[in-house]
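Colleague: My structure is below; once you've seen it, I'll send some questions.
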Amino acid sequence: MEQVPEKMTVAGLRQAYRTKTLTPRRVLDKVLSRARRYAAKHIFISAPEEAKLAAYLGRLEQMNFDSHPLWGIPFVVKDNIDVEGFTTTAACPDYAYIPKQSAAVVQRLVNAGAVPVGKANLDQFATGLVGTRSPYGAVHNAWRDELISGGSSSGSAVSAALGICAFSLGTDTAGSGRVPAALNGLFGFKPSCGAWPIKGVVPACASIDCVTVFAHTMGDCLAVDDVARGCQANDPWSKDLPRKMAAAPQTVYISDKPPVFFGPFAQEYEAAWKNALKMVSNAGFAVKKTAVSLYEEAASILYGGPWVAERWADLGDFVGSHPGKVFPVTEKILRSGEKPTAASLFHAIHRLQEIKRSVQELLADAVLLMPTAGGTWTIRDVEADPVETNTQMGAFTNHCNLLDLCACSYPVAMAADNLPFGITAFALSGGEGLLSSFSERLFS
């Protein structure tokens with residue numbers, strides 16, 4: 001019987017199960033021991049429990065391995081996504097409830113044989129990109145304890161990076177499925193808005209919320225996508241967006257001005273970005289520069305403009321009726337959604353539509369490439385200045401969902417010892433095939 005690998009992958013576990021060199025029970029025993037080993041990192045709100053895992057082991061005995069593509073694969077779920085048998089908290093104890101059923105995307109994975117092992121910590125109400133805004137503790141980076149994990153899908157990313165699961169689910173409104181991937185050395189795959197159902201997900205901005213996946217390979221991301229993708233009848237945001245095969249993008253666009261890097265490792269990040277561009281060029285891509293002012297303008301609408309009102313519309317009643325129960329910096333952000341007028345929101349919607357048209361013309365058969373994040377911070381840095389540090393983490397992410405793009409963060413290098421660095425490619429809605437072919441050529 002072989003050892004459970006330190007980095008679990010869907011493909012690797014499938015092969016081990018097929019050859020009977022590993023069993024689900026052995027893998028889940030390792031899930032339990034690793035979760036205990038890393039408890040001080042504050043990864044979980046609902047940690048793996050032997051009794052719950054035993055119930056799923058019993059279900060696997062009734063499932064055919066070959067017809068269930070995720071048979072026996074352990075995964076972790078961000079705790080703003082419902083899982084039957086687990087409490088949902090969104091990292092707010094007073095918000096907690098026990099769902100009657102799993103979120104649609106979780107149920108699809110379970111039906112394919114995957115095993116949900118625990119619920120992950122997050123920036124409260126999925127509001128943040130740092131991983132520190134939780135009463136359950138700041139989530140520590142998988143590689144260096146003093147650094148942030150990134151958020152808001154903090155525990156999800158760290159659980160996958162540390163081999164507690166083969167993949168994990170996050171959510172993404174402003175970059176929460178990409179920033180933690182980059183900071184913890186993972187692929188962070190964000191499908192097109194609506195491609196995966198969000199029924200059973202605590203809303204942040206429901207009109208642009210996405211469920212995402214963290215994994216160690218692009219192949220694993222796509223294996224999850226194969227199961228999770230598809231229209232959901234009772235989900236008003238769900239769309240029929242099949243993933244289409246696509247040749248590698250003809251053009252890779254980058255900013256016409258150098259990215260601004262920040263934080264204690266700004267120089268290392270800048271060097272890593274330059275090396276990543278060489279990697280892209282050496283892979284045979286045509287790299288061209290384009291103005292990014294439109295993307296920056298779109299990004300500013302999310303928090304600097306009226307779109308934050310959607311967060312207040314979804315969560316304002318709870319915040320108003322539970323004084324003092326919401327993380328202070330989170331409440332301040334949510335309450336800023338009380339201010340925008342209906343007219344300002346419609347002005348933003350109309351301007352976004354104009355920007356979308358320009359982006360659609362540019363990115364036909366092309367991708368836009370940016371650093372996933374321009375730097376990182378220590379946990380102490382963020383505690384000292386929770387707003388500005390968080391704002392800088394979203395410089396290259398906030399535009400994505402507002403412009404109806406899909407995206408993937410790729411772990412291309414170590415910027416320094418135990419300091420992962422990632423780049424993100426953006427494609428038009430339905431363009432996941434371009435993201436896949438870009439990855440295949442880049443890492444070939």
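The values are calculated or read from the model by the stated rules, or taken from the named source; none is laboratory data. What you see is a predicted model; the values in this text were computed from it and never measured. Reconstructed Cβ throughout: ideal geometry from the backbone, glycine too, with neighbour counts over all protein chains shown.
Colleague: Please find, among Thr341, Thr376, Thr389, Thr397, the residue that is over 30 Å from Ser281 (Cβ atoms), crowded, with 18+ Cβ neighbours inside 10 Å and β-branched (Val, Ile, Thr). Step through it out loud before you land on a result.
Modeller: Details: Thr341 fails: crowded, with 18+ Cβ neighbours inside 10 Å; Thr376 fails: over 30 Å from Ser281 (Cβ atoms); Thr397 fails: over 30 Å from Ser281 (Cβ atoms).
Among Thr341, Thr376, Thr389, Thr397, only Thr389 is over 30 Å from Ser281 (Cβ atoms), crowded, with 18+ Cβ neighbours inside 10 Å and β-branched (Val, Ile, Thr).
Colleague: Kindly evaluate Ala425 against the criterion of being of a type in the set (A, V, I, L, M, F, W, C), surrounded by fewer than 22 Cβ atoms within 10 Å (Cβ to Cβ), at pLDDT 95 or above and in contact with a strand residue (DSSP E or B) (Cβ under 7 Å, 6 or more places away or on another chain).
Modeller: Numbers: of a type in the set (A, V, I, L, M, F, W, C): yes; surrounded by fewer than 22 Cβ atoms within 10 Å (Cβ to Cβ): no; at pLDDT 95 or above: yes; in contact with a strand residue (DSSP E or B) (Cβ under 7 Å, 6 or more places away or on another chain): yes.
For Ala425, the condition - of a type in the set (A, V, I, L, M, F, W, C), surrounded by fewer than 22 Cβ atoms within 10 Å (Cβ to Cβ), at pLDDT 95 or above and in contact with a strand residue (DSSP E or B) (Cβ under 7 Å, 6 or more places away or on another chain) - is not met.
Colleague: Look through the range 52-66, keep the residues that are charged (D, E, K, R) and surrounded by 11 or more Cβ atoms within 10 Å (Cβ to Cβ), and return whichever of them is farthest from Val31 (Cα to Cα). Please lay out each step first, then the result.
Modeller: First, the residues of the range 52-66 that are charged (D, E, K, R): 52, 59, 61, 66.
Of the ones still in play, those that are also surrounded by 11 or more Cβ atoms within 10 Å (Cβ to Cβ) are 52, 59.
Numbers: Lys52: 12, Arg59: 18 Å.
So, considering only residues that are charged (D, E, K, R) and surrounded by 11 or more Cβ atoms within 10 Å (Cβ to Cβ), the one farthest from Val31 (Cα to Cα) is Arg59.
Colleague: Could I ask something else about it? Can you tell me which residues in the range 394-426 are among the hydroxyl-bearing types (Ser, Thr, Tyr) and assigned to a loop (DSSP other than H, G, I, E, B)?
Modeller: Narrowing the range 394-426 to residues among the hydroxyl-bearing types (Ser, Thr, Tyr): 397, 409-410, 424.
The one that is among the hydroxyl-bearing types (Ser, Thr, Tyr) and assigned to a loop (DSSP other than H, G, I, E, B): Thr397.
Colleague: Just to be sure, is Ala11 out of contact with any helix residue (DSSP H, G or I) (no Cβ under 8 Å at 6 or more places or on another chain) and outside any loop (DSSP other than H, G, I, E, B)?
Modeller: For Ala11, the condition - out of contact with any helix residue (DSSP H, G or I) (no Cβ under 8 Å at 6 or more places or on another chain) and outside any loop (DSSP other than H, G, I, E, B) - is not met.
Colleague: Further, regarding this structure: Can you work out which of the residues in the range 311-369 that are within 30 Å of Ala384 (Cα to Cα), part of a helix (DSSP H, G or I) and of a type in the set (Phe, Trp, Tyr) is farthest from the chain's Cα centre (by Cα)? Write out each step before concluding.
Modeller: Filtering the range 311-369 down to residues within 30 Å of Ala384 (Cα to Cα) leaves 311-340.
Next, from what is left, pick out any that are part of a helix (DSSP H, G or I): 311-321, 328-338.
If we keep only those that are of a type in the set (Phe, Trp, Tyr) as well, we get 312, 318.
Values: Trp312: 22, Phe318: 25 Å.
Result: Phe318.
Colleague: Do we find that Tyr17 is closer than 30 Å to Pro328 by Cβ and either of a type in the set (Phe, Trp, Tyr) or at pLDDT below 95 (or both) in this structure? It would help to see each step written out before you state the result.
Modeller: Values: closer than 30 Å to Pro328 by Cβ: no; either of a type in the set (Phe, Trp, Tyr) or at pLDDT below 95 (or both): yes.
Answer is no for this residue.
Colleague: Are there any strands (runs of 3 or more DSSP E) wholly within the range 177-255 with 2 or more residues that are at pLDDT 95 or above and surrounded by 24 or more Cβ atoms within 10 Å (Cβ to Cβ), and if so which?
Modeller: 187-190, 210-215
Colleague: Tell me which residues, restricted to the range 100-128, are assigned to a loop (DSSP other than H, G, I, E, B) and more than 18 Å from Pro48 (Cα to Cα).
Modeller: We begin by selecting, within the range 100-128, every residue assigned to a loop (DSSP other than H, G, I, E, B); these are 100-103, 112-114, 121-123, 127-128.
Within the range 100-128, Lys100, Gln101, Ala103, Ala112, Asp123, Thr127, Gly128 qualify.
Colleague: For Pro135, indicate whether it is assigned to a loop (DSSP other than H, G, I, E, B) and either under 22 Å from Pro203 (Cα atoms) or without any contact (Cβ under 8 Å) to a residue 40 or more places away in the chain (or both).
Modeller: Values: assigned to a loop (DSSP other than H, G, I, E, B): yes; either under 22 Å from Pro203 (Cα atoms) or without any contact (Cβ under 8 Å) to a residue 40 or more places away in the chain (or both): yes.
Answer is yes for this residue.
Colleague: Condition test on Ala55, is it within 30 Å of Asp317 (Cβ to Cβ) and either at pLDDT below 95 or among the small types (Gly, Ala, Ser) (or both)? Quick ask: steps written out before the conclusion?
Modeller: Values: within 30 Å of Asp317 (Cβ to Cβ): no; either at pLDDT below 95 or among the small types (Gly, Ala, Ser) (or both): yes.
Here the answer is no, as Ala55 does not meet what is asked.
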